[in-house]
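Bear in mind these aren't lab numbers, they're just calculated from the coordinates by the rules spelled out. It should be emphasised that the depicted structure is a prediction, and the values quoted were computed from it without experimental measurement. In this analysis, Cβ positions are derived from the backbone assuming ideal geometry, glycine residues included, and neighbour counts consider all displayed protein chains.
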Amino acid sequence: MCCLCFSQHIKASLDLIEGSMTVSTTKKTFDPYAIVKARDLIKLLARSVPYEQAVRILQDDVACDIIKIGTMVRNRERFVKRRQRLIGPKGSTLKALELLTNCYVMVQGNTVSALGPYSGLKEVRKVVMDTMKNIHPIYNIKTLMIKQELSKDPDLRTQNWERFLPKFRSKNLSKRKEPKKKSVKKEYTPFPPTQPESKVDKELASGEFFLRESAKRRKKMEEIKVKQTEALTKKQEERNKAFIPPKEKPLMKKTVKAPEGKLDIEAIKDKVKKAKTKKLGAPPVIPAPPTSNTTDKKKKKTKDKG
């Protein structure tokens, strides 16, 4: 640090009591912007950037960008998951981003430190911000890869690249549950709503206001009696329901109607013949065929007769 300060002719002082480091110019400082570069160098070293990478900030074509991501997501668990998504498995996503943007990127705590050319820093900031907004970094990496290939072609450098870039649409798979009772907003009117009628106004409209107290009491008692009679009749009906016999089902079986159409007479005849051959109570006996002995006896009888 001291060697670099001497080469740029910048004075650096460290205050151990306050825990701060200040940078100032000297009479030999020839580059006025060197003090800003030295300040950025201290910021990068404070965010655990390696010294070999942080020294590159003193070059003319190199700049740095420190992106604060701690306040972008409220939920801590969600923040940790999205930050890990930016790093990728074994740092593969971060390495791909570094190769495509020619920048050194380091994720540390609630900040992302980037070091490289101005065009690359712009792309790094976009990828980091989109990742914290729940857009996967692989989509932006794909677009960067296509842009890198298109930039190599001299014919396509001056043309519009929108037709080649992929268009990713966000799909919200989880549908929000709609409430059962939807409140319909009333039309706005500058006039206030009509005032509800008071008890006195209602009595004036019905004419009860001009009656005496005795007449009012009598009318109230009549209304109470009417309500009581209605309640008694309802209770009596509910009690009588228990004594009403239920409807019994008829005992007669339903006769199945014969299917309309021509009857098969031959099939009925066959059934009748089979029923005649069968004997009730025992299986049908098949007669045994005549043996040879019986035939010889019959022949002898016929000879004797002759």
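Near Thr111, the amide H atoms lying under 5 Å from its own belong to Ile69; only residues 5 or more places off or on other chains count, and H is placed 1.01 Å from N. Multiply the residue separation of Trp161 and Ala12 by 0.36 nm, subtract the distance between their alpha-carbon atoms, and state the gained length in nm to one decimal. The Trp161-Ala12 span can extend by a further 48.9 nm.
With 31 Å as the limit, write out which pairs from Lys95/Lys152; Lys81/Lys180; Lys181/Lys227; Lys90/Lys133; Lys122/Lys152; Lys186/Lys225 have Cα-Cα distances beyond it, or answer none.
Working: Lys95/Lys152 22 Å; Lys81/Lys180 35 Å; Lys181/Lys227 35 Å; Lys90/Lys133 22 Å; Lys122/Lys152 20 Å; Lys186/Lys225 43 Å.
The answer is Lys81/Lys180; Lys181/Lys227; Lys186/Lys225.
Fewest-first ordering of Asp264, Asp40, Asp201 by other beta carbons within 10 Å of each residue's beta carbon gives Asp264, Asp201, Asp40.
What FRET efficiency comes out for the pair Glu222/Glu248, r = Cβ-Cβ distance, R0 = 51 Å, nearest 0.05? Walk me through the numbers before you get to the answer.
On the way: r = 46 Å, r/R0 = 0.90.
Once the sixth-power term is evaluated, E becomes 0.65.
Modelled this way, with points 7 Å down the Cα-to-C-beta line, the labels at Asp270 and Ser214 are 10.3 nm from one another.
Take the Cβ atoms of Asn134 and Phe191, set R0 to 41 Å, and the FRET efficiency comes out at 0.30.
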